[in-house]
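Report on the following structure.
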Amino acid sequence: MEHFKVIIVEDVPLELKGTEGIFKTDIPEAEIIGTAASEPEYWKLMRNQRPDLVLLDLGLGGSTTVGVEICRHTKEQHPDVKVLIFTGEILNEKLWVDVLDAGCDGIILKSGELLTRGDVASCMDGKKLVFNQPILEKIVARFKRSVNKEIVRQEAIVDYEIDEYDERFLRHLALGYTKEQIASLRGMPFGVKSLEKRQNELVQKLFPDGTGGYGVNATRLVVKAIEVGIIDVDNLRPDDE
């Protein structure tokens, strides 16, 4: 790893001291050209000299959004400067998404192995999406759940003989559309009467053992579709109308 310049943005003195120690001990190629505890301090440093890497904490002064905006504006103004997030926000997944959208080069959670020479080297070598073990474990767990859910959905579609129009019909019922609204969707070649017939056919498919003597309205049909995995409540999106 070649010599490079770094600015550390951290508002907790004890954590800043620990981070500086990591660089001095494990990453001697890094020259810390400045540290900042707030956004104004950071931009003042940036006006005076340009780093190769910004190690950025997200929670500054009690705010989690300041770090995201620092990242966004840094990448907009200086796209060649690498921004590696080093954060204690270990549960705020929405914040991770926000800072990834803002263009950061990676996220290192302040848990487990913390910041390593390998993480920094990967970032400086141009690797995108540098993550340490704690966040990787969370990403992999979420990925596995997503894949398993999709497998269940595909199996349910086959088992219950659900076609494209059945899925669209059920999905829009789940979104609160009326049959009249569904019939008016682009590419939906059915009128209201045909959709009513399709709903009755879906009842027979999803309740093969009968309905227990109770009628099945649209709400109960949708709930059943969710239970068996045909509809994913985490990915309910309407079609273009």
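The values are calculated or read from the model by the stated rules, or taken from the named source; none is laboratory data. No experiment lies behind these values; they were computed from the predicted model shown. So basically every Cβ, Gly included, is an ideal-geometry build from the backbone, and we count neighbours across all protein chains shown. Only protein heavy atoms, including side chains, enter the accessible area calculation; ligands, DNA and RNA are left aside. Shrake-Rupley method; radii C 1.70, N 1.55, O 1.52, S 1.80 Å.
Quick look at the numbers
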| quantity | calculated |
| --- | --- |
| Residues of the range 185-196 that turn out to be touching a residue at least 12 places away in the same chain (Cβ under 8 Å) and within 17 Å of A218 (Cβ to Cβ), as a count | 6 |
| Filtered residues of the range 5-42 (kept if part of a helix (DSSP H, G or I) and polar (S, T, N, Q)) | T19, T25 |
| Criterion (over 24 Å from the mean Cα position of the chain (by Cα), part of a helix (DSSP H, G or I), surrounded by 15 or more Cβ atoms within 10 Å (Cβ to Cβ) and of a type in the set (A, V, I, L, M)) met by exactly one of I162, I157 | I157 |
| Qualifying residue in the range 45-54 (condition: open to solvent by less than 50 Å² (accessible area, probe 1.4 Å) and among the β-branched types (V, I, T)) | yes |
| Enumeration of residues in the range 96-134 that are of a type in the set (A, V, I, L, M, F, W, C) and free of Cβ contacts under 8 Å to residues at least 40 places away in the same chain | W96, V97, L100, A102, I107, I108, L109, L129, F131 |
| Filter pass, V216 being not charged (D, E, K, R) and not in a loop (DSSP other than H, G, I, E, B) | no |
| Unique residue being assigned to a loop (DSSP other than H, G, I, E, B), surrounded by 12 or more Cβ atoms within 10 Å (Cβ to Cβ) and hydroxyl-bearing (S, T, Y) when the list is S122, S111, S146 | S111 |
| Close pairs (8 angstrom Cβ cut-off, 6 or more residues apart or separate chains): of a type in the set (F, W, Y) in the range 1-30, assigned to a helix (DSSP H, G or I) anywhere | F4/M124 |
| Extreme residue, surrounded by the most Cβ atoms within 10 Å (Cβ to Cβ), among residues of the range 227-241 that are within 19 Å of I182 (Cα to Cα) and aliphatic (A, V, I, L, M) | I230 |
